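Inspection log for the structure reproduced underneath, given as structure tokens.
The values are calculated or read from the model by the stated rules, or taken from the named source; none is laboratory data. Note that the structure is a prediction, hence the values are computed from the model and not measured. We place every Cβ from the backbone using ideal geometry, glycine too, and count neighbours over all the protein chains shown. Areas reflect the complete protein model, heavy atoms only, side chains present, ligands, DNA and RNA absent. Shrake-Rupley method; radii C 1.70, N 1.55, O 1.52, S 1.80 Å.
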Amino acid sequence: MKTITAFMLIAAATLAGCSRTPPERQVIDDAAEALGGAAPVRSATALLLDGGGTNGDLGQNRAPDADLPLFNVSELRHAIDLANRRARRSMNRVEADDPTESDSQNFGWDNGVAYNIDAKGMARRQGDIVARERQAELFLHHPLALVRAALDDGATVSNLRRDGDTTLVDITTSQGEMVTLGVNSETHLPVLARSMFYHPNLGDTLRETTFSDYQAVSGLRLPARMMTRVDRYPVADLTFTRQALNEAIEDISAPSDVRSAEAPTPVANVTVQEVAPGVWWLAGQSHHSVLVEFSDHLKLIEVPQNETRALAVIAKARELRPDKPLTKAVVTHHHFDHSGGIRAAIAEGLTLVTHERNRALFEELAKRPHTIVQDALARNPREARIETVADDMTVKDAMRSMRVFHVIDGTGHSDSMLAVYLPNERILVQGDLFNSQGPNPKRMAIINKRFEELGLRIQRHVPIHGAITPHTEYLKIMRSAQPTAS
Ligand SMILES: [Zn+2]
Ligand SMILES: [Zn+2]
């Protein structure tokens, strides 16, 4: 009798469990209800958001521990085509600290395909890494798109948990995309979305968007404010002053030539120019390097952009002097476009030389997991070796003298910037201080003062950006723009 009762109780509990919505599912149902109801969420076709806010410039802060430079964003228009899984964002951006720096952006995501549209209206396909980031940035990190996707028959919801007053579940969409949804445990309104993506510098990286200022929009409740951070960096704070639901929106599909194009992957083109005996300028694209020969080894200045470029530059350096080991790479500053090759350099056994304020960041970058995409260092793990320069350091042997010094910039670009001077060749190697293709005379004057303080007798600039330029030309550009200062 006792056994039968226990059996019946278990059976009753099982039956009750079967008829109840699983608790993870209930989170989605409650969230849909809080947004206005499952039916209008499911049948929503399009959302148009207009507004503005700020954008942080990831990887371009003054120092590794400084806040990101901010752009003020205006004319923001974000269109989401829910029915066809497409989104596009356009905006004007002006740098908050330097209004002369501005741009317009127009970029989209169409069901797995990312593209950018330039000022002339020409669309270009972007790589798969960008597409994965955009899937969150433009589409799934909006609560309407995310809850709608979670209601889909093919979606799964798992890993129910609580963190303070937030209830979290992991959603795998019918397309296999994984996003964590957080809802307020009281109101059931979505408060955050989280997903992982691959960033070439940061590796496996968390993107989190938070939702607030919910407002009534044509029968639904939708957030008027969305803030995003990537890893620990706040990259967007956007407010929508107008939200339009289910209105006709323009065609935001990827143009057919974009859709049919291969997703691009980075390519490296390394040109070689011997600028002095045993000194080579390795150019060919936007970011150059310089190879310097010593009696029994070689040193490289800059491993920029990405591992494709860095590995090609390193291979070229070894090809030029196969009998001497390439031992070190000077990294001018931590900005992500200039430090994009440091993990590849570590994987190749090079010691990094950089300003002391960059050490902690470089150590962190060397250790971060790269599992979503396995880069050179993930495939060939090595301990990072980092040497730092605080102010001014000269390395010298029978063949060469090389001075590596801190540039006290004073223009806000970078506080942990190094430049390199070869006194016998009278060559200066620098990144982002002077670019012949877009000189910044204010910065040139400030930096020239530093050159004078250090007693440099520069004859030629052999730069990381732009063309090789005589110093006389540098002074001419600097003075023509600042007649009163000269
Ligand atoms: Zn820079
Ligand atoms: Zn640069």
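A few comments on the model shown:
- Segments 463-470, 309-316 sorted - mean Cβ within 10 Å per residue, highest first: 309-316, 463-470
- The modelled label-to-label distance between R242 and S212, using points 7 Å beyond Cα along the C-beta direction, is 2.6 nm.
- In this structure, R379 and T265 have a Cβ-Cβ separation that, at R0 = 22 Å, corresponds to a calculated FRET efficiency of about 0.85.
- 21 Å Cα-Cα threshold exceeded, pairs from K299/K367; K299/K476; K328/K396; K328/K367; K299/K396; K299/K324: K299/K367; K299/K476
- Here segment 64-90 and segment 418-486 have alpha carbon centers that stand 36 Å from each other.
- In this simple spin-label approximation, D128 and N106 carry label points 7 Å from Cα along the Cα→Cβ vector, and these lie 2.9 nm apart.
- Mean sequence separation of contacting Cα pairs (under 8 Å, at least six apart), scaled by the length of the chain, corresponds to a relative contact order of 11 percent.
- Convex hull volume of segment 337-486 per residue (C-alpha atoms, cubic angstrom): 129
- For the chain, pairs of C-alpha atoms spaced more than 37 angstrom apart make up 39 percent of the total.
- Percent accessible area from carbon and sulfur atoms, the chain, protein chains only, probe 1.4 Å: 50
- Taking 0.36 nm per residue of separation and subtracting the Cα-Cα distance, full extension of the segment from R232 to D323 would add 28.4 nm.
- Accessible surface, per residue, of segment 271-481 when the full set of protein chains is kept, probe 1.4 Å, Å²: 39
- Helical mean residue ellipticity (222 nm; -39500 (n - 2.57) per DSSP H run of 4+; nearest 500) of the chain: -7000 deg cm²/dmol
- Extended-chain gain in nm, criterion 0.36 nm per residue less alpha-carbon gap, S436 and A360: 24.1 nm
- Relative compactness, segment 21-260, computed as alpha-carbon Rg over 2.2 N^0.38 Å: 0.99
- Segment 21-260: relative contact order as a whole-number percent, Cα under 8 Å and 6+ apart: 22
- Residue-by-residue Karplus 3J(HN,Hα) for segment 416-426, coefficients 6.51, -1.76, 1.60, Hz, glycine and proline x: 10, 9, 10, 10, 10, 10, 9, x, 6, 8, 6
- Inter-centroid distance (Cα atoms) of segment 303-382 relative to segment 223-255, Å: 35
- Applying the Karplus relation 6.51 cos²θ - 1.76 cosθ + 1.60 with θ = phi - 60° to segment 371-377 yields 3J(HN,Hα) values of 9, 5, 10, 8, 8, 4, 6 Hz, where x marks Gly and Pro.
- Listed by chain and number, the aspartates and glutamates whose alpha-carbon sits under 14 Å from that of K449, ignoring those within fewer than 8 places in the same chain, are D409.
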